[in-house]
Amino acid sequence: MGDRRRSRRLAAALAAAGLALGTAACGSGSGSAGSGDPKTLEVWTRSNPDSAATYDRVFAAFTKKTGIRIDYQPVVNFDQQLQSRASTKDLPDVMINDTALMGSYQSQGLLKPIDPASITGHGQITAKSWSSTVGIDGRHYGIPYSRQAQTLMIRKDWLHKLGLRAPTTWQELLTVAKAFADRDPDGDGKKDTYGMVAPGSAMNGYTAWWGANFLWQGGANIIEKDGSGYRPAMDSAAAVRTVTWMKDNLFCGDNGVLQPGAVSAITGTATDFQDGNAGMYLTGPYNITTFDTTPGKARYEVVPAPAGPAGNDVLADGENVYFGARTGKTAQERALAAFLISAEGQKIAMTSVGGHQPVVRIPTNSTLDAAKVRGDARWSVVQKAYETASEQFPNAPDFAPIKQDTADSLNAIFTYCGSDVRSGLKELNDTLAGDLKDQDLLK
């Protein structure tokens, strides 16, 4: 674990150094498409073609309203391409990407600081959302664009067939999961169903991303604020209890609670819910559009996450609007941000046309209600979870290495069922202390 962390820190440091060198001279004279045209903004989103089609509608409406053209580039391998562009001293004008990446981008000098008061409509964004854009230095580096919180998607037809209700506690979760695995809920006469889907791979930090829901519900934290810095917290009694519960009840034992191969599954391969093989999935609301097609809207429901000993908090995340660390188009960038957070812009981004994926889940514009905009009461469950029962990964540090190291450790514990949880988490805690020390944040 320690050697992997040191290697990853060295690679990250080299990358950051290259990015800092590359961004130092970024300016309005760089050679990107439209960079010489004050009426054109180059905008990147981390999007596949489906969500890109929704962004096309958003940007078309903005251009019609303001006359400012958008050179829109949906980028799948966002961070890799961003490094490449930074190394050539040429950042996009505006980027829309995950909130959790802000600390990493800001530490590498990729972002322009933002005064919220300079963005028209800033007062319609809640303090909770604005708080997720504050960097280590106390300045804002993003504008909240979309938010979401995880909820439990569950096969209501299976519940009805087995005479069960949606679970509200961890124990009920296990009871329902085992019933889905053992009592033939699909009625095909075969033992070929599973209780729940988990993207449990360490790749891209998935084990920590999905597992954070259970950590918080069990009263544990990965790191905790400590004065002006942070301290690792994965050796706490709550963390040991929670990870032990997850290992013994979810990942280990031939009980069918999770789908086969959960420890190597990522979101792109964890398709057992939509394939009709598993009955529950604790996941983000972006899957609602997909699941409405298969297994079908009439077959499942969206409910709050079951509560653990410390409650039912779930992972909240989303996307921010970022301004690239360059000069020359501040007024146009602010105009785009103002449109993106306006009721008009958010409504366009929240609706699906032609089956395309909406790109705003829970609106950051507080005048809007997700369920009313979509005409779908299920979204009120998601919005309530975000507003009243959610936590976010700390945004000010560079959380990427912290998440990855946590995922590596948890995945190893869940993969080797004879592993000692307490010693594994102690080793993880030491690794996290090193991650924080690297960022001068260890207290």
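Annotations for the structure displayed:
- Test: residue in segment 269-282 that is within 30 Å of residue 80 (Cα to Cα), out of contact with any helix residue (DSSP H, G or I) (no Cβ under 9 Å at 6 or more places or on another chain) and β-branched (Val, Ile, Thr): yes
- Given (1) in a helix (DSSP H, G or I); (2) within 21 Å of the chain's Cα centre (by Cα), number of the condition residue 269 does not satisfy: (1)
- Under the condition of being more than 14 Å from residue 424 (Cα to Cα) and in contact with a strand residue (DSSP E or B) (Cβ under 6 Å, 6 or more places away or on another chain), the residues counted in segment 233-256 number 2.
- Residue check for residue 411: in contact with a helix residue (DSSP H, G or I) (Cβ under 9 Å, 6 or more places away or on another chain) and not assigned by TED's automatic domain parsing to the domain that holds residue 264: no
- Here segment 340-375 is the region considered, the condition is being open to solvent by less than 10 Å² (accessible area, probe 1.4 Å) and part of a helix (DSSP H, G or I), and the residue that is farthest from residue 93 (Cα to Cα) is 370.
- Candidates 361, 326, filtered to the one that is charged (D, E, K, R) and modelled with pLDDT of 95 or more: 361
- Whenever a residue of segment 103-114 is in contact (Cβ under 8 Å) with a residue 24 or more places away in the chain, its partners that are of a type in the set (Ser, Thr, Tyr) and assigned to a helix (DSSP H, G or I), lying with C-beta atoms within less than 6 angstrom and at least six residues away or across chains, give the pairs 109/23; 110/23; 111/105.
- Scanning segment 61-71 for residues that are within 22 Å of the chain's Cα centre (by Cα), at pLDDT 95 or above and farther than 30 Å from residue 428 by Cα turns up nothing.
- Considering residues of segment 402-435 that are part of a helix (DSSP H, G or I) and of a type in the set (D, E, K, R) only, the residue nearest to residue 257 (Cα to Cα): 408
- Residue match in segment 201-208 (condition: touching a strand residue (DSSP E or B) at 6+ places or on another chain (Cβ under 6 Å), among the aliphatic types (A, V, I, L, M) and assigned by TED's automatic domain parsing to the domain that holds residue 247): no
- Residue within segment 79-102 that is more than 19 Å from residue 326 (Cα to Cα), modelled with pLDDT of 95 or more and touching a Lys or Arg at 6+ places or on another chain (Cβ under 6 Å) present: no
- Boolean, residue 89 is basic (Lys, Arg), on the phi > 0 side of the Ramachandran plot and in contact (Cβ under 8 Å) with a residue 60 or more places away in the chain: yes
- Restricting attention to segment 382-395 and to residues that are assigned to a helix (DSSP H, G or I), over 26 Å from residue 53 (Cβ atoms) and not hydroxyl-bearing (Ser, Thr, Tyr), the residue that is most open to solvent (accessible area, probe 1.4 Å) turns out to be 384.
- Filtered by the rule that a residue be farther than 13 Å from residue 413 by Cβ and either in contact (Cβ under 8 Å) with a residue 60 or more places away in the chain or among the charged types (D, E, K, R) (or both), segment 236-252 gives 238, 241, 249.
The values are calculated or read from the model by the stated rules, or taken from the named source; none is laboratory data. Since this is a predicted model, take the numbers as computed values, not measurements. All Cβ positions, even for glycine, are placed from backbone atoms using ideal geometry, and neighbour counts span all protein chains on display. Side chains included, ligands, DNA and RNA excluded: accessible areas come from the protein's heavy atoms. Shrake-Rupley method; radii C 1.70, N 1.55, O 1.52, S 1.80 Å.
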